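Structure record follows, encoded as structure tokens.
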Amino acid sequence: MSQDLLNLPHPNPVTALEEYGSDRLGFMQRCTQDYEGIVPLKFGDEWFCLLSNPDYITQVLKDRMLFIKAAETQQLSGILGNGLLNSEGDFWLRQRRLAQPVFHQQQINSYAAMMVGYTQRMLETWQDGEVHDVHEAMMRLTLNIVMKTIFDQDVEDTAAGSIAHTLDVAMNWVEYQEAKNVMGALTEIGELRSPSADMPSEDIDQRLQEAIALLDETVYAIIQQRRASGKTGKDLLGMLMQVEDADDGSRMTDKQLRDEAATLILAGHETTANALSWTWMLLAQNPDVREKLNAELKTVLNGRTPTLADLPQLTYTNWVIKESMRLYPPATDVSREATQDCEIGGYLIPKGTTLIASQWAMHRNPRYFSEPELFQPERWANDLEKQLPRGVYFPFGDGPRVCIGKSFAVMEAVLLLATIAQKFQLDLVADQNIELQPSITLRARHGIQVVLKAVA
Ligand code: HEM
């Protein structure tokens, strides 16, 4: 017989709320280490469960029917609509199958030269001694790459500006919703604190609507242009436009095309840009790792721009990216909601319970990683990933809803890192405040300022 979740040890609800409100990532990490298995957390009237056992994480991520995307993900539907990240059931499956060919390894391989080409174009504008916000630079570069992949076109500055603005507002909006929820829950239990000074203002809803309108304008303009041209094209947009419904032969509406495109634009560049931005920070903070990386690049490439064929030799470069995503996973957690009463680890999980798997906490768990706070790419030698229990390292999620862009992103990150590091060393501007902004993804709130040093 299954046991009651509430028999499990769990943190005091008031202190838990306070800690969660002030340091969400640290709180998840402490809970994961202090309580093994399932950690019931009460926020207001609702129970959440943080999963700290890798088997339970795998069980939940594998079963897309029993565990659907939780409200946390669904709140993105205002921005992303019913695109691949948010949709469910048979509709999701159909859309996933449609988009899959664009992400097949063979297809992805054909993007390698394009990725390096855009990077070289960026590097032509960089000069020794300049100060850049590397987060902003990586965002623009990965946006160029994803737009070329989806729409086979270069992004104009205005469109890039609109997309960046929408993302900034969306990040703040999600943070605001979280803060509001925590405050609401504290009020309910008579523990109201005054709102934090840096909490975004109330007009954030209005700003979000305006930002969504700007994104719509950009994406619909591209769809209209394509329809007007009478051409379909071999890019993702073209493929989606040609698909006919098996039952009634209808084509995808502009709204559905918009939702899929907006999802891929946003999910497909912000995450990789964050992975690279944190990598530059870590390399600057760990000169010994940077030296080893440069040594590999010299041996394998000797100043040449990397190609697809070089990827198998760029082992250390690959470990650098893996290790960077361990410490700073671009998605810090994934959550699901139980659609029925069920059992995990002998405990009854009531229908409607939200289950959270935190990459941030599992990736820093000393049970699985020695000296987990250190940046040590060589820990990935001897195929560590295969030796770890499934559910410990999952920057791209797992199961049927695993990131569709996983191979694309890894190839992109390795190629961009290898191309840039051969031309410039990026040193951190001293005394800057690099603050984590855990929102939809894990960003550096004020960017990361670096000084460029041309490699002789
Ligand atoms: C380092 C880069 C990336 C990271 C860390 C990342 C992470 C993730 C994670 C954790 C999920 C699963 C979310 C969940 O289970 O709730 C996901 C899903 C998704 N990602 Fe990525 N992602 C990255 C790059 C990309 C790229 C390059 C694309 C597309 C070009 C992309 C498109 C998507 C889409 C469409 C989904 C939803 C898939 C589905 O539910 O069928 N991602 N990503």
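Points to keep in mind about this one:
Residues checked against (1) surrounded by 24 or more Cβ atoms within 10 Å (Cβ to Cβ); (2) away from the ligand (no atom under 16 Å from the Cβ); (3) not hydrophobic (A, V, I, L, M, F, W, C):
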| position | (1), (2), (3) |
| --- | --- |
| 287 | no, yes, yes |
| 293 | no, yes, no |
| 297 | no, yes, no |
| 310 | no, yes, yes |
| 315 | no, yes, yes |
| 320 | yes, no, no |
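- Answer from 390, 326 - the residue that is touching a Lys or Arg at 6+ places or on another chain (Cβ under 9 Å) and either within 28 Å of residue 171 (Cα to Cα) or within 16 Å of the ligand (Cβ to nearest atom) (or both): 326
- Some residue of the range 400-409 being more than 8 Å from the ligand (Cβ to nearest atom) and in contact with a Ser or Thr (Cβ under 6 Å, 6 or more places away or on another chain): no
- Applying the criterion of at least 1 residues that are within 13 Å of the ligand (Cβ to nearest atom), in contact with a strand residue (DSSP E or B) (Cβ under 8 Å, 6 or more places away or on another chain) and of a type in the set (Asp, Glu) to the helices (runs of 4 or more DSSP H) found wholly in the range 45-129 leaves 71-74.
- The listed residue being among the β-branched types (Val, Ile, Thr) and more than 13 Å from the chain's Cα centre (by Cα), out of 315, 263, 332: 315
- Whichever residue in the range 329-345 is more than 13 Å from the ligand (Cβ to nearest atom) and not small (Gly, Ala, Ser) and, among such residues, is surrounded by the most Cβ atoms within 10 Å (Cβ to Cβ): 344
- A search for C-beta distances below 7 Å between a residue of the range 140-152 that is in contact (Cβ under 8 Å) with a residue 12 or more places away in the chain and assigned to a helix (DSSP H, G or I) and any residue that is among the hydroxyl-bearing types (Ser, Thr, Tyr) and within 12 Å of the ligand (Cβ to nearest atom), counting only pairs 6+ apart in sequence or on different chains, returns 142/272; 149/111.
- Scanning the range 427-442 for residues that are in a loop (DSSP other than H, G, I, E, B) and either closer than 28 Å to residue 179 by Cα or touching a residue at least 12 places away in the same chain (Cβ under 8 Å) (or both) returns 429, 432, 433, 434, 435, 439, 440, 441.
- Taken together, the residues in the range 11-35 that are at pLDDT 85 or above and more than 25 Å from the chain's Cα centre (by Cα) amount to 3.
- Total residues in the range 146-184, condition under 25 Å from residue 436 (Cβ atoms) and within 16 Å of the ligand (Cβ to nearest atom): 6
- Only residues that are surrounded by fewer than 23 Cβ atoms within 10 Å (Cβ to Cβ) and within 16 Å of the ligand (Cβ to nearest atom) were counted in the range 272-285, giving 2.
- Some residue of the range 97-120 being more than 30 Å from residue 400 (Cα to Cα), among the basic types (Lys, Arg) and loosely packed, with under 13 Cβ neighbours inside 10 Å: no
- On the stretch given as the range 348-371, residues that are closer than 23 Å to residue 288 by Cβ and either crowded, with 18+ Cβ neighbours inside 10 Å or within 16 Å of the ligand (Cβ to nearest atom) (or both) total 3.
- Matching entry among 170, 159, 179 (being in a helix (DSSP H, G or I) and surrounded by fewer than 21 Cβ atoms within 10 Å (Cβ to Cβ)): 179
- Single unsatisfied condition, residue 453 versus (1) part of a strand (DSSP E or B); (2) within 16 Å of the ligand (Cβ to nearest atom); (3) surrounded by fewer than 20 Cβ atoms within 10 Å (Cβ to Cβ): (2)
The values are calculated or read from the model by the stated rules, or taken from the named source; none is laboratory data. Quick caveat, the model's predicted, so the values are computed rather than measured. Here the Cβ is made from the backbone with ideal geometry for all residues, glycine too, and neighbour counts use every protein chain on show.
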